[in-house]
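Colleague: There's a structure below that I have some questions on.
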Amino acid sequence: MIEQCERYLDCKNYLRQKIATLIDVFVAYYGEENRQEIEEKFRKSLLIAYRNPNTNSRFLSEIKNIHSNELFANLFAKFPSIWTQDDLFEFHNLEHYNIFPLTYFQRFYADYCLGENGIIKKYKEEALRSIQSWIPEFTQEDYEEMIQTQVIPKKYEHLRAFVKERLLELADLSNPIREFEYHFNQAKSILKKINPNVTIENFSQIMEQRDIQILIKYAELLPTLVAEYKSRMQEYEVYEQEEKFANQLYNQLSNEYYLRFIEENIDLLSEADRQKVEIFKGNLNKSYVLTSYTGFIFKKLNLDSPFEAFSEESEKVLNGPNESFWKKDSIINDRIRFFKENGIDLGDDYDAYLRSDDAKRIWPTFSRVQQFIESKVRLWNEFNNAYYTSLPAYKEVRQEINALNLLIKNDGFNASRYVFKEIKGVISSNIVRSQDGYELFPLVMIPCDSFDGKLDQTIIHELNHLIETALLKIENNNHCFMSYGWDFHDRKFNQEEEPLVDTMVSDAFGQKRLYELFNETINEYIAQEIHQLMLENDQCIFDTKENTIIAGNSYYQHMFFLIRDFFQEFRKEILESRRNGNIEIIWNKVGKENFDELNHLFAIFYKSFPLETFSLKKSLENHEDNEQTRIYWELVARRDAILEKMRNYSMMQGGFLQTEESPKKKM
Amino acid sequence: MIETIEIMIKNEANEQLSVLVMCSENICYKNNKKYNVTKEFIEDLIRTIRLWKTEYGNSENIDSEEFTIAVKAGEQKEMFHGKGVFPNNYQYLKELLGELYD
């Protein structure tokens, strides 16, 4: 499990280390005769496994727990006792040793051994040391005087109030006793196992018992355990720092863009509010100085503001006869609150505000509210772009990509990769110059944020696209035409990067291409076969053999019933036709018309079952007869008919089937 | 007045987030864990969803995140749903729910 966490933490390098293994897997599937082609496809591409750094803690906490549990188990194996891990450490790992019940026992026992006089003596020594670290001239005599009189010595009366307060606190000798009792109470949960009525006074009665002696041993060994744990975690320090940096960057940029949001809409604030904004501007950590009205209008960038209750859309909801009352109530409440915050309090009757001239005077216009919303959305998008592209891991990959001198600058690796988590893997084709002209150079981008056992299948799915990708032609030295299996795509070269990508609306789900669904379904089918082969060879990438999921990973699997027999019968031509843009191979084998007819079934399936594959599956299992199952069985019948036509076509091509039209017959 | 808001989000990794907000009691259950929530939190939540359509359908892509929200107010129960297609401020909802933590 630690290894698996480490793979995710160092996903970029780890995936690249696995290229040789992946090449072998694809060669095993496609044949040794295709090794050179497959190796070249990998060589002329960039594999980018990436992760959001705020998921570091997810993987790190697994590692911390594993190391902690191992160290605890070693301790118990060496010194068995009645206490369990839960008793001594609760559910914490060694990162939080300060709050272990065992730690509290350790502190209690150390003080118990000193006795009351020893506790006070130790406290006084530590207190004086502490005071002298900020007031070097403070003497032992000064301290004793302060303890006796409970008054600051005259020569220190000039000190600031909070310093004098602290001095008096340290002169209070009841503190260490209270602390001693506190530690005992926190440790009681452990000691009750020996004596449910244990107190500080009767602790001596159980002290010599074997299990208490072992408990004392545990307490003595605890610092060693902590040191060992810290030593083991040293190698992961870089990831802790990475996440810390990401969080700091997030907070810093959030404040910066929040300020910009306010400044762009400063006309909505009074002079008094604006003065506080100026203070905030001087120190972005001081958002608490902003007035409550500012906070009311300017919620966070990623939250809707009550001010938006005055939008045109909100007005339509208010006036819509069929709209729910709770929606209208919410809008009205925000509007009433707006007026109250602006000093116009006519109670909670909205009609009163509609009639009020004062309210009408400050009533926000639709256009002003729209401007506010647009400002917020734009700034949130800019924030996303700024944040993700400032992450060190992002910059590292960006440098690698820039060094490739790709001819299509909108290469797909941008902030939206991190924001749109519903997109799993992506292959983005691109072009570089070569000695002979131009070459394909795709980027394969794989997000590695989730331990869901589906990552290997995603990788293989995308890499199979890589294997099947081909550059067909370049026109006018700036327009490239590519194929991915049976799918076709074209892009124009451009040297200008988009200044900002849209992180608010995913653009990944654009216009469906002619063979897209059919193509993806076959790609997924092939990828599952390859994944299966990989497992049979005892190989995994990020997943483990135990948690990896081949099937059930993808919606495309619901359409396997349309292609299973087709694939098995025409496997050779299918695989050949999908590489290097040779779709004619399969057309010539099965007939283009038949191929297109099969393709059309995907559109029907998808239109009929975009959301309801679960209920279809249930209906089929229960042998029900309903609209869904009838559509399904019709598709099956049409599929079978098309397959029969494909077979006939194929046989005719081979000259095995003689018809009226056959030249052989006419002869 | 809204009594409850029930939110179910299932992501592409089949991980499920289930939230039940009891509006009048200012409490919320997130994946069966109880949290106290402020009136402001509930107002922010309602404000986020009040302009949503009931159905956003689904994108032509697959393996998408899916959300279902049920708002119960008196006798009325209103549902909002989408898979792979989301309202413009959907991320706001997730940020808001992310504020519920230990």
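Colleague: Average partner chain C-beta neighbours within 10 Å, per residue of A:315-324?
Modeller: Counting Cβ atoms of other protein chains within 10 Å of each residue's Cβ and averaging gives 1.
Colleague: What shape does segment A:437-592 have by the C-alpha gyration tensor, where a ≥ b ≥ c are the square roots of the eigenvalues, rounded means a/c under 1.5, and otherwise prolate means a/b greater than b/c and oblate the rest?
Modeller: Here segment A:437-592 falls in the oblate category.
Colleague: Same structure, new question: Would you mind working out the accessible area per residue for chain B, using a 1.4 Å probe, and quoting it in Å²?
Modeller: 48 Å²
Colleague: Quote to one decimal, in nm, the extra length available between A:Glu90 and A:Arg58 on full extension: 0.36 nm per residue of separation minus the C-alpha distance between them.
Modeller: That pair, A:Glu90 and A:Arg58, stretches by 9.5 nm at full extension.
Colleague: How large is Rg over Rh for chain A, taking Rg from the Cα atoms and Rh as the Kirkwood inverse mean of 1/r across Cα pairs?
Modeller: Dividing the radius of gyration by the Kirkwood radius yields 1.09.
Colleague: With labels modelled as points extended 7 Å from the Cα through the Cβ direction, what inter-label distance (nm, one decimal) is found for A:Val377 paired with A:Trp134?
Modeller: If labels sit at A:Val377 and A:Trp134, their model points lie 5.2 nm apart.
Colleague: Any idea which of A:Val27, A:Asn414, A:Thr521 is furthest toward the positive side of the dipole for the protein assembly as shown, if Lys and Arg beta-carbons carry +1 and Asp and Glu beta-carbons -1?
Modeller: Result: A:Val27, furthest along the dipole toward the positive end.
Colleague: Turning to a different aspect of this structure: Place +1 on the Cβ of every Lys and Arg and -1 on the Cβ of every Asp and Glu in segment A:545-624, take the dipole about the Cα centre, and give the residue among A:Gln568, A:Gly591, A:Ser619 whose Cα lies farthest towards its positive end.
Modeller: A:Gln568
Colleague: Follow-up question, since we're still on this one. DSSP beta bridges in chain A, what fraction antiparallel, as a percent rounded to 5?
Modeller: Just about 75 percent of them are antiparallel.
Colleague: At 1.4 Å probe size, with the rest of the protein present, what percent of the exposed accessible area of chain A is carbon and sulfur atoms?
Modeller: With neighbouring chains kept in place, the figure for chain A is 49 percent.
Colleague: Also, I was wondering about something else. Taking 7 Å along the Cα-to-C-beta vector as the label spot, tell me the A:Gln17-B:Gln76 distance in nanometres, rounded to one decimal.
Modeller: Reported label-point gap for A:Gln17 and B:Gln76 is 5.8 nm.
Colleague: Within segment A:435-584, how many lysine pairs that are 8 or more places apart, or on different chains, have C-alpha atoms less than 24 Å apart?
Modeller: Value for segment A:435-584: 4.
Colleague: Right, another one. Report, in degrees rounded to the nearest 10, the 0 to 90 angle that the Cα long axis of helix A:325-341 makes with the longest principal axis of chain A.
Modeller: Between the helix axis and the principal axis of chain A, the angle is about 50 degrees.
Colleague: For an R0 of 41 angstrom, estimate the FRET efficiency from the Cβ-Cβ distance between A:Ile362 and A:Ile2 and round to the nearest 0.05.
Modeller: 0.10
Colleague: How much solvent-accessible surface does A:Leu249 expose, in Å² to the nearest 10, with a 1.4 Å probe and all protein chains in place?
Modeller: Approximately 20 Å² for this residue.
Colleague: I would also like to ask the following. Name the cysteines of the protein assembly as shown that stand alone by the Cβ rule: no other cysteine Cβ under 4.7 angstrom.
Modeller: If one checks each Cβ against the other cysteines of the protein assembly as shown, A:Cys5, A:Cys113, A:Cys480, A:Cys540, B:Cys23, B:Cys28 turn up with nothing under 4.7 Å.
Colleague: Same structure again: Between A:Lys286 and A:Thr199, how many nm apart are label points set 7 Å from Cα along the C-beta direction?
Modeller: Distance between label points: 5.4 nm.
Colleague: Is segment A:384-507 best put as rounded, prolate or oblate by its Cα gyration tensor, with a ≥ b ≥ c the root eigenvalues, rounded for a/c under 1.5, and otherwise prolate when a/b is larger than b/c, oblate when not?
Modeller: Since a/c reaches 1.5 but b/c is at least a/b, the shape of segment A:384-507 is classed as oblate.
Colleague: Here is a follow-up. With contacts defined as alpha carbon pairs under 8 Å and 6 or more residues apart, what's the relative contact order of chain A in percent?
Modeller: Relative contact order here is 12 percent.
Colleague: Straight-line reach from A:Lys618: which lysines have Cα under 21 Å away, leaving out those fewer than 8 places along the same chain?
Modeller: Within reach: A:Lys607, B:Lys10, B:Lys83.
Colleague: Taking 0.36 nm per residue of separation and subtracting the Cα-Cα distance, what length does fully extending A:Asp502 through A:Lys618 add?
Modeller: 37.8 nm is the gain from fully extending A:Asp502 to A:Lys618.
Colleague: A:Phe296: accessible area at probe 1.4 Å, nearest 10 Å²?
Modeller: The value for A:Phe296 is about 10 Å².
Colleague: DSSP loop GluC sites (Glu not before Pro) in segment A:75-142 with at most 11 other Cβ atoms within 10 Å of their Cβ, which ones?
Modeller: Qualifying residues, ordered by number: A:Glu137.
Colleague: Take the cross-link list A:Lys121/A:Lys188; A:Lys64/B:Lys30; A:Lys12/A:Lys395; A:Lys286/B:Lys30 and give me the ones stretching past 20 Å between alpha-carbons.
Modeller: Check vs 20 Å cut-off fails for A:Lys121/A:Lys188; A:Lys64/B:Lys30; A:Lys286/B:Lys30.
Colleague: While we're looking at this one, here's another question. At a probe radius of 1.4 Å, what is the per-residue accessible area of A:Val289, in Å² to the nearest 10?
Modeller: 30 Å²
Colleague: I'd like to check one number: the per residue accessible area of segment A:573-626, probe 1.4 Å, reported in Å² as a whole number.
Modeller: For segment A:573-626, the per-residue accessible area is 51 Å².
Colleague: In segment A:301-403, which GluC sites (Glu not before Pro) are in a loop and have at most 16 other Cβ atoms within 10 Å, using DSSP for the loop call?
Modeller: A:Glu323
Colleague: What whole-number distance in Å separates the alpha-carbon centres of segment A:11-58 and segment A:198-218?
Modeller: Between the Cα centres of segment A:11-58 and segment A:198-218 lies a distance of 59 Å.
Colleague: Sorted by accessible area with a 1.4 angstrom probe, largest first, how do B:Ile46, A:Ile279 fall?
Modeller: A:Ile279, B:Ile46
Colleague: Moving on to the next point. Kindly list the residues of segment A:129-147 that lie in the label zone of A:Glu169, defined by a backbone N under 14 Å from the point 7 Å along the Cα-to-C-beta vector.
Modeller: Once the point is set 7 Å along Cα→Cβ of A:Glu169, A:130-131 turn out to lie under 14 Å by backbone N, inside segment A:129-147.
Colleague: Here's a follow-up. How shielded is A:305-311 by partner chains, expressed as the average number of their Cβ atoms within 10 Å of its Cβ atoms?
Modeller: Rounded to a whole number, the mean comes out at 2.
Colleague: Continuing with the same structure: First measure r as the distance between the Cβ atoms of A:Ala272 and A:Ile206, then evaluate 1/(1 + (r/R0)^6) with R0 = 51 Å and state the FRET efficiency to the nearest 0.05.
Modeller: 0.20
Colleague: Accessible area, 1.4 Å probe, largest first: how do B:Thr54, A:Thr458 sort?
Modeller: If we order B:Thr54, A:Thr458 from most to least accessible, we get B:Thr54, A:Thr458.
Colleague: Put +1 on the Cβ of every Lys and Arg and -1 on every Asp and Glu Cβ in the protein assembly as shown; which of A:Gln4, A:Ile147, A:Ala171 then has its Cα farthest towards the positive end of the dipole?
Modeller: A:Gln4
Colleague: Okay, moving on. Tell me the GluC sites (Glu not before Pro) within segment A:179-239 that lie in a loop according to DSSP and have at most 11 other beta-carbon atoms within 10 Å.
Modeller: A:Glu201, A:Glu208
Colleague: Would you rank A:His158, B:His81, A:His96 by solvent-accessible area, highest first, keeping every protein chain in place and using a 1.4 Å probe?
Modeller: Result of the area sort, largest leading: A:His158, A:His96, B:His81.
Colleague: In nm, what is the difference between 0.36 nm times the number of residues separating A:Asp625 and A:Ser608 and their Cα-Cα distance?
Modeller: Here the segment from A:Asp625 to A:Ser608 would lengthen by 4.5 nm.
Colleague: Also, I was wondering about something else. Show me you know the interface measure: the accessible area buried between A and B, both chains summed, probe 1.4 Å, in Å² to the nearest 100.
Modeller: Between A and B, the summed buried area is about 3600 Å².
The values are calculated or read from the model by the stated rules, or taken from the named source; none is laboratory data. What you see is a predicted model; the values in this text were computed from it and never measured. Note that we place each Cβ from the backbone using ideal geometry, even for glycine, and neighbour counts take in every protein chain shown. For the accessible areas, the whole protein counts, side chains as well, though only heavy atoms, and no ligand, DNA or RNA atoms are used. Shrake-Rupley method; radii C 1.70, N 1.55, O 1.52, S 1.80 Å.
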